[in-house]
Amino acid sequence: MNLNHLYTNKRTGQDVPTKASRTDFQRDYDRIIFSSAFRRLQNKTQVFPLPGSVFVHNRLTHSLEVSSVGRSLGSLVGEFITERFKDELTEDSKNFYLYNLSNVVASACLCHDIGNPAFGHSGEDAIASFFERNETLLKDKFNDKEWADLLNFEGNANAIRVLTHQQTGKDVGGAQLTLTTLASIAKYPCEAVAKVEGKLHRKKFGFFQNEKATFQQITEETSMMKEQQEPLIYKRHPFVWLVEAADDICYNIIDMEDAHRLGIVSTADCEDLFFGLVQSSGVGSDISRIQKKLSQITNENERISYLRAKVINTLINKALSLYQENFEEILSGNLNTALLDIHKESNQALKDIEKFSIEKIYNHKAVVEIENAGYNVMYELLNHFIFPILKPKTERKAYDKKALKLIPKQFLYEGSINGKAFSDYQKVLGVIDFVSGMTDNFATDLYRKIKGIDIGMTM
């Protein structure tokens, strides 16, 4: 893979590069920050129910922190690539890796969860299981690849759609990001029918059939290697590992800090786990300095925050070294393990954090309750809208029509475009766009209203 061809400032849609104080990749970051899809992440569950008396991370604050870590990784890797391959890089490429790779990774991190529905992974499960549970009524309306998309609904694939799809009445190209940023979030660059366990880049899938042509444009302009034509499979872009590492670093550590603030994890347990991870990195003399610093801090939350910062710094440095060590495999798309998972194989402290998180955090009663509630809310919303949208207009009853009146026009794909009628698949994707884009609160409120639980005048 030629390092000079891994990036482009070309965008989706009709937008063209402009001369401005910002680079094209800085513009990506700003566009995401100001987008409504990103703002809605502030009311989407990360792990713990929102909002409580103690403010914990939501999808938005998580994404901002992942972006911060990603920017650091991008900057460090950019310096590494520029130095190691200085004789192979063009001047433009040197400039990109030194000054803009960090912006690309930061932007990709910022929008890596933008396709995730309300209520975390239970929201994804609800959408997928709706089609599984209604297979006999729905499957015949779609071809095999379309049905696989619906049956395996996935937030990563949905992110590509959210960022690139032209909604009814809106501009072409979606958020009109550079193809480089979009390539950097494609963790699973394959069709849904190609997903398979045991292969990192095919663990899930990366795009819906409706966005297949757009995804192919992304791959062509960023030199992603095609592994197979049918079903379509690509190898990961080299920048993906950095975005993935930043996300893994944050959720492994931040979930623990949130659990501590909520009183689910004791200060002693949290300190032991964090300190053990820092100590296992072999930082030597820094340990005594950290211990001295901790002796001066008496506030429990501040002690954990300090250790959290040290842990994140430790993991950033480890991710960098692993990226460097495995760079040839990453360039060829043949590395089959996430960077933090490589580290976990030989690091007991990281294994202990993962085990502790599963036992004490992800199976905590409050987390399980919100997952169950969220599943039911999302399932029932789909049940309310999917069947009416699939009925021919002439066969819709009054209640079908009233249900569809609740869907904003940009999500309704009725009639035709360029002389071609919208398919059932496109109509259903529109409904999924509406439901998956909802915040936790909006989805819950709408669910209560359509179920008759909460009846009253709202504006």
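The values are calculated or read from the model by the stated rules, or taken from the named source; none is laboratory data. Predicted model, so just to flag it, every value in this text is computed and none were measured. Every residue, glycine as well, gets a Cβ built from its backbone with ideal geometry; the counts of neighbours run over all protein chains shown.
A few remarks follow.
- Looking only at residues in segment 267-287 that are among the polar types (S, T, N, Q) and at pLDDT below 90, the one that is nearest to residue 325 (Cα to Cα) is 281.
- Every listed requirement among (1) over 30 Å from residue 445 (Cβ atoms); (2) touching a helix residue (DSSP H, G or I) at 6+ places or on another chain (Cβ under 8 Å); (3) of a type in the set (Gly, Ala, Ser) is met by residue 374 save one, (1).
- Options 352, 269; residue that is farther than 27 Å from residue 106 by Cα and under 27 Å from the mean Cα position of the chain (by Cα): 352
- Per-region count, segment 241-256, residues β-branched (Val, Ile, Thr), more than 13 Å from the chain's Cα centre (by Cα) and crowded, with 22+ Cβ neighbours inside 10 Å: 2
- Selection within segment 353-378 - of a type in the set (S, T, N, Q) and touching a residue at least 60 places away in the same chain (Cβ under 8 Å): 357, 372, 376
- Where residue 196 falls short, out of the listed (1) among the β-branched types (Val, Ile, Thr); (2) assigned to a loop (DSSP other than H, G, I, E, B); (3) within 16 Å of the chain's Cα centre (by Cα): (3)
- Listing of helices (runs of 4 or more DSSP H) fully contained in segment 351-438 that carry 3 or more residues being closer than 26 Å to residue 115 by Cα and among the acidic types (Asp, Glu): 365-390
- Pick from segment 324-333, criterion exposed (fewer than 15 other Cβ atoms within 10 Å of the Cβ) and touching a Lys or Arg at 6+ places or on another chain (Cβ under 9 Å), ranking: modelled with the highest pLDDT: 324
- Residue count for segment 170-189, restricted to those that are surrounded by 21 or more Cβ atoms within 10 Å (Cβ to Cβ), more than 16 Å from the chain's Cα centre (by Cα) and not in a helix (DSSP H, G or I): 2
- Qualifying helices (runs of 4 or more DSSP H) (wholly inside segment 83-136; at least 3 residues being within 30 Å of residue 376 (Cα to Cα) and within 16 Å of the chain's Cα centre (by Cα)): 120-133
- Scanning segment 239-253 turns up at least one residue that is farther than 30 Å from residue 367 by Cβ, part of a loop (DSSP other than H, G, I, E, B) and either modelled with pLDDT under 90 or of a type in the set (A, V, I, L, M, F, W, C) (or both).
- Test result for residue 345, closer than 30 Å to residue 269 by Cβ, of a type in the set (Asp, Glu), touching a residue at least 40 places away in the same chain (Cβ under 8 Å) and surrounded by fewer than 13 Cβ atoms within 10 Å (Cβ to Cβ): no
- Among all positions in segment 172-195, there is at least one residue which is free of Cβ contacts under 8 Å to residues at least 40 places away in the same chain, under 24 Å from residue 1 (Cβ atoms) and out of contact with any Gly (no Cβ under 8 Å at 6 or more places or on another chain).
- For segment 191-224, residues that are in contact with a Lys or Arg (Cβ under 9 Å, 6 or more places away or on another chain), surrounded by fewer than 24 Cβ atoms within 10 Å (Cβ to Cβ) and small (Gly, Ala, Ser) total 1.
Per-residue answers, yes or no, for (1) surrounded by 17 or more Cβ atoms within 10 Å (Cβ to Cβ); (2) farther than 23 Å from residue 71 by Cβ; (3) charged (D, E, K, R):
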residue: 226; (1), (2), (3): no, yes, yes
residue: 239; (1), (2), (3): yes, no, no
residue: 309; (1), (2), (3): no, no, no
residue: 314; (1), (2), (3): yes, no, no
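- Qualifying residue in segment 412-427 (condition: touching a helix residue (DSSP H, G or I) at 6+ places or on another chain (Cβ under 7 Å), under 25 Å from residue 163 (Cα atoms) and of a type in the set (A, V, I, L, M, F, W, C)): yes
- Looking only at segment 364-402, and only at residues there that are closer than 28 Å to residue 425 by Cβ and among the acidic types (Asp, Glu), the one that is surrounded by the fewest Cβ atoms within 10 Å (Cβ to Cβ): 395
- Selection count where residues are more than 22 Å from the chain's Cα centre (by Cα), within 30 Å of residue 223 (Cβ to Cβ) and not in a helix (DSSP H, G or I), scope segment 144-169: 0
- Failed item in (1) within 21 Å of residue 74 (Cβ to Cβ); (2) surrounded by fewer than 17 Cβ atoms within 10 Å (Cβ to Cβ), with residue 269 passing the rest: (1)
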